[in-house]
Each structure stands twice: as structure tokens, then as C-alpha cells.
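Notes follow the structure.
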Amino acid sequence: MAVGDAAGAAGLTTYGDNLLRKDIDLALNQRGDEIAAVMARATALEAAALNVPKFAATRSTNGQTMVSGNWTSMNAGAWNSKTKNVGGFVWDGGALTVPRAGYYMVAATMHCYVNDFVTVAVQVNRNSATADQNVVAKAEWSAPNIDADVSPSATAVRLMVPLNAGDVLRVHGLQRNRGADTLNSGGNGYDLTFDAVWMDAI
């Protein structure tokens, strides 16, 4: 490939042997403008690809007890102190503050073990500490009409939730069982999870 062929194939201006000496400044300025345009595109791509906001939390050793039939906020004690936190999320007492406007994947899972459960549900809401207000993702498992010990789970997930910088996300869990027992989620890290990942600009 000859010198200049790649530039021509990319749509850039090329020059022949008849370029006059007085035109060199114009040629160099044109090439500088082309490089500046590439740099601007690279900057935009880096902003989208690098330091993308990502957050992931899992159950703490103690988890969070839940009174049967009541939505329970998953506060600081429910979550492991070790989280994945990239891109500026603020994580405080179970409240996650969004660092950048955009569309986010938002997901939460709760898994309960071996009881006569009637319902297991999980939700993520925005800018409210009260369940069933400003819900952005929700899932519910309901038992068949039998009295048997089961180990249900619920996963609420949405791939494109529009959020603003400064929005606060919280997770709530619900368990209802026939014995009206106060119970916890399962004891593993994966039995209670919360994830949020920036996907695209609004």
C-alpha cells in the first residue's frame, strides 16, 4: 500500500506531487482538523466505555429478618460491606445514589429456604424509602394452594430503566408464610443481591 492510500480509503484529503509550497500550511491545518475530529470521537467513546457506573452488592452474614406479610427495607445490615462500585455510585445504609443520568440495568434477587411460604417478592424503588412507591423493578413468587415446605426465589430485573443523576435506589423484600414466622433470606451471598449498571445515555 502506497503512502496516502489508507488516508484516501478513510475519506481523508490526500495530496499529489504538484502541491505548492505555499499550500503546505493549508494541508497541515486540514489534517489537524481531521485529527481533532477523530480525537473528539475517541473522547466520546472513552466516556461511554471507561469508568462506566457499575454496582453490585450481596447478602451480609446476618442478612435481614422479615416479618411475615410485611415489606421490609433491606438496610445497611442486610448487605456485605464488600461491593463492586465503579463510576461514582454512593452506597449508604442500603441506599444507592446514581452518579450519572442514563438508562440502567437494575436487578435484585431474594431467595428463601424451606418453609411453608405463600409469597416471596422483591422490588427496587426510586427516591422513596416506602415499598410500592416509585417502583422500577418488581417480581413475586406465589405458592400453589398446598401446605408444603418450599424454597422459592424472586428476581426483579429490567434492562433499561431511565434514571437521573442523584436518584436513590432501595431494595425491599417480602415473605409471607402460613405459620406467620419472622424469617430471613437464605444464608448465602447469592440469596440476596442488588445490581445496577449504566447501559446508555438518555
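The values are calculated or read from the model by the stated rules, or taken from the named source; none is laboratory data. Just so you know, these numbers come straight off a predicted model, no measurement behind them. All Cβ positions, even for glycine, are placed from backbone atoms using ideal geometry, and neighbour counts span all protein chains on display. Heavy atoms of the whole protein, side chains included, go into the accessibility calculation; ligands, DNA and RNA do not. Shrake-Rupley method; radii C 1.70, N 1.55, O 1.52, S 1.80 Å.
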Quiz prompt | Failed condition for TRP91, given (1) modelled with pLDDT of 95 or more; (2) of a type in the set (A, V, I, L, M, F, W, C); (3) assigned to a loop (DSSP other than H, G, I, E, B) | solution = (3)
Exercise. Give me the pairs, please: first residue somewhere in segment 147-159 and in contact (Cβ under 8 Å) with a residue 24 or more places away in the chain, second residue anywhere and of a type in the set (S, T, N, Q) and surrounded by 17 or more Cβ atoms within 10 Å (Cβ to Cβ), beta-carbon distance under 8 Å, and either six or more positions apart or on two chains.
Key: ASP149/ASN115; VAL150/ASN115; SER153/THR109; ALA154/THR109; THR155/THR109; ALA156/THR109; ALA156/GLN123
Quiz item: Of all residues in segment 143-178 being open to solvent by 60 Å² or more (accessible area, probe 1.4 Å), of a type in the set (A, V, I, L, M) and not in a strand (DSSP E or B), which is modelled with the lowest pLDDT?
Solution: ILE146
Self-check item: When residues of segment 131-142 are limited to those that are small (Gly, Ala, Ser) and assigned to a strand (DSSP E or B), the one most open to solvent (accessible area, probe 1.4 Å)
Solution: SER142
Practice problem: With the condition kept exactly as written, say whether any residue in segment 167-174 is within 20 Å of GLY93 (Cα to Cα), in contact (Cβ under 8 Å) with a residue 40 or more places away in the chain and out of contact with any strand residue (DSSP E or B) (no Cβ under 7 Å at 6 or more places or on another chain). | Solution: no
Exercise. Could you check MET110 against (1) part of a strand (DSSP E or B); (2) farther than 18 Å from GLN175 by Cα; (3) in contact (Cβ under 8 Å) with a residue 60 or more places away in the chain and say which number it fails?
Key: (2)
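Given the criterion in a loop (DSSP other than H, G, I, E, B), in contact (Cβ under 8 Å) with a residue 12 or more places away in the chain and open to solvent by 50 Å² or more (accessible area, probe 1.4 Å), identify the matching residue among SER68, SER81, SER128.
Exactly one residue qualifies, and that residue is SER81.
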